[in-house]
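These notes are about the structure you will find just below.
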Amino acid sequence: MLHRGAHQLLEFDRQRRFIRELGAGLFENPHGLRIDSNGNIWTTDTSTHLVLRFAPSGDVSMVLGKRGLAGKGWFDRDYDLVLFDQPQDVAVDSDGFIYVVDKGNSRIVKLDPNGLFVQAWGSIGNAPGQFNFPHSLVIWDNQLYVADRENQRIQIFDRQGTYIAQWEDAGYPYVLALADGHIWVTDARAEEIRRYNLSGKLLSRYQGQPGRGPHQFGFVHGIYPDKDGLWITQILNWSVQRLSFLEH
């Protein structure tokens, strides 16, 4: 679990028992959390402008960006380093290429498995391939699904950044998650969770009432599906909720 309290990256077992803390002192305003197929833990931080990879051991194994420096690139004394501005999310494809949602630059950045820059695409706007607050992404079958939040759509690209399609009328998509060929989406404005198939058909939706009790949401944000249901995080309620698939 990644949050903005005193101990920001915490690991628990399935019975919700605390195991360990990772990355103590490394975060300022943590945002995105993903685990890749090799068990590496990826985080983004919108204040440090860093993307960090933690090995399963808990050691930092890759640093992308430069701490405290926002930008598009850093070219100094023969360094050629990609910079980010408020990175929101990160994903890794089946070949190990890394994709970063670079919100402040309204773009997606692709890096090779060693963290070296490959390409970037996107700019501010509402045309296909442009973004207004890109916030999250997932990869399925070599296609990138990007939550283009303030444009109220999900855009789809191939791994070279070529625009394929978009799903409109998607509310305000905050965080995307994949499970069993479905895409789960949180919408903090509507306090709603939606489930789509990979063609963009809305299959189900669950709306929580604003509040602090069971089945109530306080700015629903993160989502993680497992074999039995959903884990969701809430910004205003400082809490994690467990929902059964039967409720959807």
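Every read-out reported here was derived from the displayed coordinates using simple, explicitly stated rules and does not represent laboratory data. Note that this is a predicted model, so its numbers are computed, not measured. Ideal geometry is used to build each Cβ from the backbone, glycine not excepted, and the neighbour counts take in all protein chains shown.
Eight or more residues apart or on different chains, and alpha-carbon atoms under 23 Å: count the Lys pairs in the chain matching that. Present the calculation step by step, with values, prior to reporting the outcome.
Details: Lys66/Lys103; Lys66/Lys110; Lys72/Lys103; Lys72/Lys110; Lys201/Lys227.
The number of close lysine pairs in the chain is 5.
Note the listed values (1) 56, 42, 29; (2) 123, 44, 22; (3) 51, 49, 39, then indicate which one is Cα extents along the principal axes in Å calculated from this particular structure.
After the calculation, the listed value that fits is (1).
What spacing in nm lies between the two simple spin-label points modelled at Phe97 and Ser239, each 7 Å away from Cα in the Cβ direction?
4.3
Are there any GluC sites (Glu not before Pro) in region 165-201 that are in a DSSP loop and have at most 15 other Cβ atoms within 10 Å? List them by number.
Numbers: sites: Glu168, Glu191, Glu192; in loops: Glu168, Glu191.
Hits after loop and neighbour filter: Glu168.
What does the charge dipole of region 1-80 about its Cα centre add up to, to the nearest 20 debye, if the Cβ of each Lys and Arg holds +1 and the Cβ of each Asp and Glu holds -1?
Working: 11 positive and 10 negative charges, 56 e Å.
In debye, rounded to 20, region 1-80 gives about 260.
Taking the Cα centre of the chain as origin, sum charge times position over the Cβ atoms of Lys and Arg (+1) and Asp and Glu (-1), and report the length of that vector in debye to the nearest 20.
Values: 25 positive and 29 negative charges, 103 e Å.
Computed about the Cα centre, the dipole is about 500 debye.
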